[in-house]
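Okay, so here's the structure we're looking at.
Derivation of every value follows stated rules applied to the coordinates shown; laboratory data play no part. These figures come from a predicted structure and were not determined experimentally. No Cβ is skipped: glycine too gets one built from the backbone with ideal geometry, and neighbour counts run over all protein chains shown.
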Amino acid sequence: MFDTLRHDFQSVLERDPAARSNLEVLLCYPGLYAIWAHRVAHGLWRRNFKLIARYLSQVARWLTGIEIHPGASIGPGFFIDHGMGVVIGETAEVGAEVTLYHGVTLGGTSLAKGKRHPTLGDRVVVGAGAKVLGAITIGDDSRIGANAVVVKPVPPNSVVVGVPGQIVVRSRPHTSKDAPDLEHGRLPDTIGATVSSLMARVEELEKLTSGHVEKAHVHAPENGLWHGEDFII
């Protein structure tokens with residue numbers, strides 16, 4: 001147990017550049033308080049002291065703004081950055097070295113008493129405001145983008161963006177030997193790329209059929225920039 005608590009503490013220093021000292025981490029990180037309270041509550045839950053476990057989890061929620069059901073199973077090295085508004089459901093399972101940012105929900109989508117919350121593999125990063133819903137599995141070394149809504153399984157080494165979440169398999173796989181992947185704002189624009197490709201293709205076809213492109217035609221973006229003359233703004 002103490003090794004796990006120490007691992008949780010060390011994960012803050014490793015994954016938050018704002019953490020300057022051990023004392024600062026002890027005094028200023030509600031995510032650390034929340035996971036330590038959960039470790040105790042989960043132990044009580046497994047020993048069938050369920051009411052006491054639930055009460056402890058609610059006290060931790062009141063103190064930190066982070067709600068973790070004592071039934072949830074969370075691996076070592078878990079880090080919640082900022083933390084306000086994080087919700088983790090009863091049957092959620094979280095692997096080792098997982099990072100969550102504020103506003104994340106690991107939620108259920110069923111009234112069934114069995115497994116109804118997500119399972120996160122090792123080294124998963126879930127960006128601010130993301131929602132992972134249902135009894136789905138997020139594979140190892142995957143990154144969930146900020147504000148994504150994930151409702152279907154995600155294979156290992158993937159990036160998920162958008163609503164509903166679009167899955168992009170990494171071209172350069174992340175491994176356990178790499179530094180923690182905290183770039184939850186570095187996301188592919190799957191819809192924008194598709195629209196741009198279609199628009200460029202339409203322009204080519206118009207040139208072939210008419211020899212020119214109508215002035216009012218909405219052009220594909222250049223270097224990621226949409227030009228205002230094509231819009232009423």
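A simple spin-label model places pseudo-atoms 7 Å from Cα toward Cβ; at residue 168 and residue 46 they are separated by 3.9 nm. Placing +1 on each Lys and Arg Cβ and -1 on each Asp and Glu Cβ, with no other charges, gives the chain a dipole about its Cα centre of roughly 1200 debye. The simple Förster model, with R0 at 45 Å and r as the Cβ-Cβ distance, assigns residue 59 and residue 193 a FRET efficiency of 0.45.
Each Cα pair under 8 Å and six or more residues apart adds its separation to the average, and for the chain the resulting relative contact order is 10 percent.
Counted residue by residue at 0.36 nm each, then reduced by the alpha carbon distance between them, the extension gain from residue 201 to residue 110 reaches 28.4 nm. When the trypsin sites (Lys or Arg not before Pro) in segment 1-90 are filtered for DSSP coil states and for at most 12 other beta-carbon atoms within 10 Å of their beta-carbon, the remaining sites are 20, 47. Restricting segment 81-147 to trypsin sites (Lys or Arg not before Pro) that sit in a DSSP loop and have at most 12 other Cβ atoms within 10 Å of their own Cβ leaves 113.
Of 81, 189, 122, which is the most mobile in a GNM of the chain whose springs link Cα atoms less than 10 angstrom apart? For the chain, modelled as a Gaussian network with Cα springs under 10 Å, the answer is 189. Positive end of the dipole of segment 2-169 (Cβ unit charges, origin at the Cα centre): among 107, 25, 86, the Cα lying farthest that way belongs to 107.
Neighbours of residue 25 by Cβ distance under 13 Å: Lys/Arg scored +1, Asp/Glu scored -1, total -2.
Pairs of lysine residues in the chain that meet both criteria, 8 or more places apart or on different chains and Cα atoms under 17 Å apart, total 4. Rg over Rh for segment 2-169 works out to 0.95, using Cα positions for both radii and the Kirkwood form for Rh.
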